[in-house]
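Working notes for the structure below.
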Amino acid sequence: MIRLDPATASPAPNVPPTVPAWALAAGRAPSDADAAFQAGAALGALDSLARGQADWAGAWRHRLALRGAAASMQLAGRSEDEAALRDAWYLRPAGADPGPAGAIFGAWRRLSVQPPVADSDRLEKIADQLGLHWDGAALADLCTEIEKLAGLQRPAPFAAAALAGHVVALRPDCELFAWWLSDLVLAQRLRWPRPLPLLMAQAFGPAFRREAGGRRIRPGDKNFERAVCVALVAAAADACRLAAELSRRAEKLLAVAPKLRAKGAGDVIFLLLSEDAVSGSLMTKNLSRFASRRLFERLQQLEAVRELSGRPTFRLFGL
């Protein structure tokens with residue numbers, strides 16, 4: 001039998017919250033006031049999840065980061081989907097370069113697990129990961145703008161929209177960076193310990209489509225603030241649904257843990273709760289590649305994990 005660290009072995013006792021149905025109600029385009037009110041309700045529902053430390057929170061955050069990265073590919077002029085991004089990140093040798101697409105995924109992963117702090121050094125690293133180039137003085141000015149927005153005490157969605165618009169006004173070619181920073185500023189204003197990748201995944205969705213068709217609403221465009229509010233309702237609802245799904249799967253995984261006899265099973269369970277995916281040929285100091293494959297086969301038999309790649313080899317598993 002295996003023993004798990006009690007700090008990571010207890011499923012969250014409460015059912016994850018949901019966005020109120022009235023905030024999701026379809027119909028006519030909301031007014032600015034309606035959109036802001038609905039966004040407030042949606043973010044309020046998400047608040048406890050953003051602040052919480054459920055055992056599956058790592059997997060949840062990294063899966064949100066994957067969704068954001070997949071949406072980023074269109075802005076970056078690339079074609080990788082979620083599966084390709086997973087491969088680039090999880091199948092590379094330890095310490096190896098994940099490639100341009102994987103680097104963008106890495107930027108969203110960093111956003112999801114680090115405090116919402118903006119300084120020139122950090123932003124320079126993120127810009128490089130996103131394949132962009134800003135000089136040090138411009139990044140220092142951007143940090144000053146972020147501090148200025150914090151001092152204005154604007155509601156979180158409007159602060160996020162204002163920063164995104166500011167970035168695109170300075171550098172129209174850096175919209176991807178604008179979306180990354182908008183989630184950081186949102187977390188700052190909401191005083192979340194770490195940001196959640198929310199807005200990028202909605203950038204090509206209905207919230208940013210003009211009523212009469214045509215091009216999408218970009219940062220700085222007319223009605224962009226209202227579109228951000230509408231997008232946050234959808235993003236929060238998606239994040240809450242994902243949390244509920246992962247909570248159920250984590251509960252099942254932890255329920256079968258006592259049935260696992262492999263010496264390194266506890267390490268694998270910790271990774272499954274902490275990451276979007278785990279390689280099926282994982283090797284640790286307590287687990288050989290052969291033992292790892294046997295363990296994942298057992299977990300599949302117990303319906304405690306899913307195979308995510310759809311391949312017979314180079315397989316990836318997750319909640």
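Helical runs assigned H by DSSP (4 residues or longer) give the chain a calculated mean residue ellipticity at 222 nm of -18500 deg cm²/dmol, each run adding -39500 (n - 2.57) before division by the residue total. So, with +1 on the Cβ of K and R and -1 on the Cβ of D and E, and no other charges, what is the size of the charge dipole of the chain about its Cα centre, to the nearest 20 debye? Computed about the Cα centre, the dipole is about 1080 debye. For the pair region 210-269 / region 119-142, the C-alpha centres are spaced 27 Å from each other.
Approximating the spin labels as points 7 Å out from Cα along Cα→Cβ, the A137-to-A25 distance works out to 5.4 nm. Under 18 Å Cα-Cα from K222, which aspartates and glutamates qualify once same-chain neighbours fewer than 8 residues away are excluded? Reachable aspartates and glutamates: D32, D34, E175, E211.
Just so you know, the Cα atoms of region 16-94 work out to an Rg and Dmax of 16.9, 51 Å.
For region 260-318, the calculated P(r) over all alpha carbon pairs, in 5 Å bins from 0 to the bin holding the longest distance, is 4, 21, 35, 29, 10, 1 percent.
Loop-located trypsin sites (Lys or Arg not before Pro) across region 73-141 with a Cβ neighbour count of 12 or fewer within 10 Å are lacking, with loop assigned by DSSP. Report note on the peptides 291-299, 304-312, 178-186: ranked by the mean count of other C-beta atoms within 10 Å, highest first, their order is 178-186, 291-299, 304-312. Among the trypsin sites (Lys or Arg not before Pro) within region 174-231, those in coil by DSSP and having at most 15 neighbouring Cβ atoms inside 10 Å are R191, R210, R215, K222. Shown for F314, F270: other C-beta atoms within 10 Å of each C-beta, ranked fewest to most, produce the order F314, F270. Averaged over residues, the count of other Cβ atoms within 10 Å places the peptides 193-199, 39-45, 261-267 in the sequence 193-199, 39-45, 261-267, highest first. Taken about its Cα centre, region 143-202 carries a charge dipole of about 260 debye when Lys and Arg each add +1 at the Cβ and Asp and Glu each add -1 at the Cβ. Rounded to the nearest 20 debye, the dipole size of region 180-266 about its Cα centre is 300 debye, using +1 on the Cβ of Lys and Arg and -1 on the Cβ of Asp and Glu.
Across every pair of non-identical alpha carbons in the chain, the mean reciprocal distance, once inverted, gives a Kirkwood radius of 20.6 Å. For region 260-318, the residue among S281, L316, L271 whose Cα projects farthest onto the positive side of the dipole built from Cβ charges is S281.
Projecting the Cα atoms of P98, L49, G131 onto the dipole axis of region 32-247, where Lys and Arg carry +1 and Asp and Glu carry -1 at the beta carbon, places L49 farthest toward the positive end.
Simple rule: put +1 on each Lys or Arg Cβ and -1 on each Asp or Glu Cβ in region 32-247, find the dipole, and look at A236, G77, L196; the Cα lying farthest toward the positive end is A236.
Laboratory data are not the source of any read-out in this text; all were calculated from the coordinates shown. In this text, all values refer to a predicted model and were calculated from it rather than measured experimentally. We place every Cβ from the backbone using ideal geometry, glycine too, and count neighbours over all the protein chains shown.
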